[in-house]
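As structure tokens, the structure follows; a few thoughts come after it.
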Amino acid sequence: MIVGIEIKSRSPFAGGASFGDTGAYVRIEGTATGALDPAHPGNAGIALLDKAPRDPAGRVGYRSDFILLCPADPAKGNGRLLYEVNNRGRIMIFANLCAGAAGNQPASAADLGNALPLKRGFSMLWSGWDPVAPKATGLSLEVPVIEGIVQPIREEFVSGTRLGVHEAFKLSYDAVGAASVTVRRTQAGDRRSVASETIDGRTVRLREPIETGSIYEVRYRATKPRVLGIGYAATRDVVSHVRRSDLVGRPVTHTLAFGISQAGRYLRDHLWQGFNADEDGRRVFDGVYTHVAGIGKVFHNTPFGQPFRTRTWHEDHDFPEVAFPFSAAPMDDPLTGLSGSVMRGDATDPKLIETNTSTEYWQKGASLLHTDPLGQRDVEPPANVRTFLIAGSQHAGKAGMPRDAGPCAHPRNWHDPMPAVRALLVALDAWVAEGKDPPASRVPRIADGSLVPADRVAFPAIPGMVRPKNACDAAPLGDWTDPKPAERRYGALVPQVDADGNEIGGIRLPDIAVPLGTFTGWNVYKAPYPDGELADRDGSFLAFAATEAERGADPRASLATRGERSGRLKAAAEALRADRLLLAEDAATFG
């Protein structure tokens, strides 16, 4: 429960800017202090909680930073609370959903892009759930550290990709003694030992140059784990408290949660581990929206967890993320003998919308959201769940994506999936608040041939196109500290494509329905990265030739022979608007 709220600041938001009929907003920053009874059934699943120091009442304490945006005139709000799970301490919704600027301190209305949630009158809340998130983000979480536990663990580092160029490797935990290091060029490559030294118990420095794109595995005896799983309870407690307090200035009728990538995986874990019920058994989130989470959860509620990791073919492949159950539909797992669902099957279940891009099918097993674990048959979601593929998009897709190749062999995918995400978030709100059913799920299917094994995708023979050798697999992991090759794998599948190489199933936004080229959710690396390996969550864009003369051996028709484009874009946009998969304001931008 929350036992104290400290308000640190209250100020006009974004310079006092006004947002449609809602008007101006107020930004409140503070810290929530919580206390957990380890004996309470709602806290029983938190790893290491029973070993944490306790207060005189026998409870374990934590402190979570929060940021709350409320309409300055509460009567102009819609009475609903939209909670965004931060991603490694970062607010994502304004830069992604709203096509605004990145950062946790937007200074003006221009930084907020279309400001969709504000114009619709939501109060918005963020709070600390990840003790690893930098304190400077203003969304940190303080949890106990457990002394006296030592365990062999492993970490991986790749220089030049997600975290930039490494000059040394910063460990997640204090090392007891020296670490050992191996390197391999590719995921399936042979390892060789690398000479290193461990400095100050937290830094490993190699005695040779660090190779760009190679996978370095560091093994060491770690100590002082944090009670990371308190993050789930902190989210539960903060949201439940704010919902029933007077902080927003009026009663909160409904709560929605939204999470992108790691934050979406966190929400899936939050549901599966039972944290959508507060300590009094009340539902925390009435509606949940996950975007680009695939079938993942978070490597979090476990001793020596590393919640920043995200599993793809070339990075973090053998760390916990992919574990049954995958789907909101109840299933049996023939590989592990387990049965279950991400949902609990009781009154605490929210209404759930999950959207994924092509990348999550190629890298994160997203097909297993809507097939059986072996990938042999389609499975319909429960009535309170909708699942969507936003075709032809990549993991980090949003407005203004780079169009150069970067570290990849092909130019990167610039397609923006956010118009569909905006429409479906509005649909989720109407589903929760008004009982209005959202659009039906749109995903590729085994039954109609639009969902297939990766080696059966009928890509056109585009000159210069380097096809992926494989999609990322999904398999039971076993012991993450000493992983072994999987004996059996789940049946992860990927979307089939049309004659232009664009995906058939899912939501085909106008730029995919009336394309300028082939959009994929995968790309492959080029030197000095491991040449030809599946790249980390990047997509590709392979443009059509402008004229037949330029087309050469390309089997795809040139733009010159495809006819007038504007009218077809408008028609595609209008069809999506009619199906509530585009907002009217977004549909008007096409054509």
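The values are calculated or read from the model by the stated rules, or taken from the named source; none is laboratory data. The model shown is predicted, which means the values in this text are computed figures rather than measured ones. Backbone-built Cβ (ideal geometry, glycine too); neighbour counts: all protein chains shown. The protein model used for the area step is the full one, side chains on, heavy atoms only, and it has no ligands, DNA or RNA in it. Shrake-Rupley method; radii C 1.70, N 1.55, O 1.52, S 1.80 Å.
Those strands (runs of 3 or more DSSP E) of segment 188-238 in which at least 2 residues are open to solvent by less than 20 Å² (accessible area, probe 1.4 Å), considering only elements entirely within it, cover 203-206, 215-223. Only one entry of ARG243, ARG236, ARG250, ARG268 meets the criterion of being of a type outside the set (A, V, I, L, M, F, W, C), more than 23 Å from ILE28 (Cβ to Cβ) and out of contact with any His (no Cβ under 7 Å at 6 or more places or on another chain), and that entry is ARG268. Pairs linking a residue in segment 458-482 that is at pLDDT 95 or above to a residue that is of a type in the set (Ser, Thr, Tyr), with Cβ atoms under 6 Å and 6 or more positions apart or on different chains, are CYS472/THR312; ALA474/TYR490; PRO476/THR336.
Scanning segment 540-591 for residues that are closer than 22 Å to ASN413 by Cβ and of a type in the set (Asp, Glu), we see that the one that is surrounded by the fewest Cβ atoms within 10 Å (Cβ to Cβ) is GLU550. Only residues that are assigned to a strand (DSSP E or B) and under 12 Å from ASP378 (Cα atoms) were counted across segment 431-455, and they come to 2. Filtering GLY365, GLY400 for residues that are open to solvent by less than 10 Å² (accessible area, probe 1.4 Å) and of a type in the set (Gly, Ala, Ser) leaves a single hit, GLY365. Among the residues of segment 430-440, is there at least one that is in contact with a Phe, Trp or Tyr (Cβ under 6 Å, 6 or more places away or on another chain) and either of a type in the set (A, V, I, L, M, F, W, C) or closer than 26 Å to ASP318 by Cα (or both)? Checking segment 430-440: not a single residue is in contact with a Phe, Trp or Tyr (Cβ under 6 Å, 6 or more places away or on another chain) and either of a type in the set (A, V, I, L, M, F, W, C) or closer than 26 Å to ASP318 by Cα (or both). Once segment 14-29 is narrowed to residues that are aliphatic (A, V, I, L, M) and in contact with a Cys (Cβ under 9 Å, 6 or more places away or on another chain), the residue that is most open to solvent (accessible area, probe 1.4 Å) is VAL26.
Looking for something within 22 Å of the chain's Cα centre (by Cα) and either on the phi > 0 side of the Ramachandran plot or open to solvent by 60 Å² or more (accessible area, probe 1.4 Å) (or both) - is there at least one such residue anywhere in segment 491-506? Reasoning before the result, please.
Going through segment 491-506, the residues within 22 Å of the chain's Cα centre (by Cα) turn out to be 491-495, 503, 505-506.
Next, from what is left, pick out any that are either on the phi > 0 side of the Ramachandran plot or open to solvent by 60 Å² or more (accessible area, probe 1.4 Å) (or both): 506.
So far as segment 491-506 goes, yes, one or more of its residues are within 22 Å of the chain's Cα centre (by Cα) and either on the phi > 0 side of the Ramachandran plot or open to solvent by 60 Å² or more (accessible area, probe 1.4 Å) (or both).
Out of everything in segment 333-345 that is open to solvent by 30 Å² or more (accessible area, probe 1.4 Å) and in contact with a strand residue (DSSP E or B) (Cβ under 9 Å, 6 or more places away or on another chain), what residue ends up being modelled with the lowest pLDDT? Filtering first and then ranking leaves ARG344. Look at segment 39-55: where a residue is within 15 Å of VAL284 (Cβ to Cβ) and a partner is of a type in the set (D, E, K, R) and not in a loop (DSSP other than H, G, I, E, B), sitting 6+ places away or on another chain with Cβ atoms under 8 Å, you get GLY42/ARG236.
Here segment 117-134 is the region considered, the condition is being surrounded by 24 or more Cβ atoms within 10 Å (Cβ to Cβ) and assigned to a helix (DSSP H, G or I), and the residue that is farthest from the chain's Cα centre (by Cα) is LEU118. A Cβ distance below 8 Å, combined with a sequence gap of six or more or placement on separate chains, defines the contacts here; from segment 137-155, residues that are closer than 26 Å to SER214 by Cβ reach residues that are open to solvent by less than 50 Å² (accessible area, probe 1.4 Å) and among the charged types (D, E, K, R) in the pairs ARG154/GLU217; GLU155/GLU217. Within segment 262-282, the residues that satisfy the criterion of being of a type in the set (Asp, Glu) and over 20 Å from SER327 (Cα atoms) are ASP278, GLU279, ASP280.
Within segment 346-376, the set of residues being in a loop (DSSP other than H, G, I, E, B) and either of a type in the set (D, E, K, R) or at pLDDT below 95 (or both) comprises ASP346, ASP349, LYS364, ASP372.
Scanning segment 269-291 for residues that are touching a strand residue (DSSP E or B) at 6+ places or on another chain (Cβ under 7 Å) and either farther than 21 Å from SER341 by Cβ or among the hydroxyl-bearing types (Ser, Thr, Tyr) (or both) returns TYR289, THR290. Only one of the numbered conditions (1) over 25 Å from the mean Cα position of the chain (by Cα); (2) touching a residue at least 40 places away in the same chain (Cβ under 8 Å) is not met by GLU487, and that is (2).
Of the residues screened, ALA35 is not one that is more than 24 Å from PRO307 (Cβ to Cβ) and aliphatic (A, V, I, L, M).
If you go through segment 73-90 and keep only what is open to solvent by 10 Å² or more (accessible area, probe 1.4 Å) and more than 23 Å from PRO350 (Cβ to Cβ), you end up with ASP73, PRO74, ALA75, LYS76, ARG88, ARG90. Once segment 274-332 is narrowed to residues that are part of a loop (DSSP other than H, G, I, E, B), closer than 22 Å to VAL432 by Cα and not hydrophobic (A, V, I, L, M, F, W, C), the residue that is most open to solvent (accessible area, probe 1.4 Å) is ASP280. Within segment 30-61, being open to solvent by 50 Å² or more (accessible area, probe 1.4 Å) and either outside any loop (DSSP other than H, G, I, E, B) or among the hydrophobic types (A, V, I, L, M, F, W, C) (or both) holds for ALA39, PRO41, ALA44, ASP50, LYS51, ALA57.
Just one of the numbered conditions (1) of a type outside the set (Ser, Thr, Tyr); (2) open to solvent by 20 Å² or more (accessible area, probe 1.4 Å); (3) under 26 Å from THR137 (Cβ atoms); (4) out of contact with any Leu (no Cβ under 7 Å at 6 or more places or on another chain) is not true of ILE93: (2). Scoring ALA110 on the criteria (1) open to solvent by 20 Å² or more (accessible area, probe 1.4 Å); (2) assigned to a loop (DSSP other than H, G, I, E, B) leaves a single failure, condition (2).
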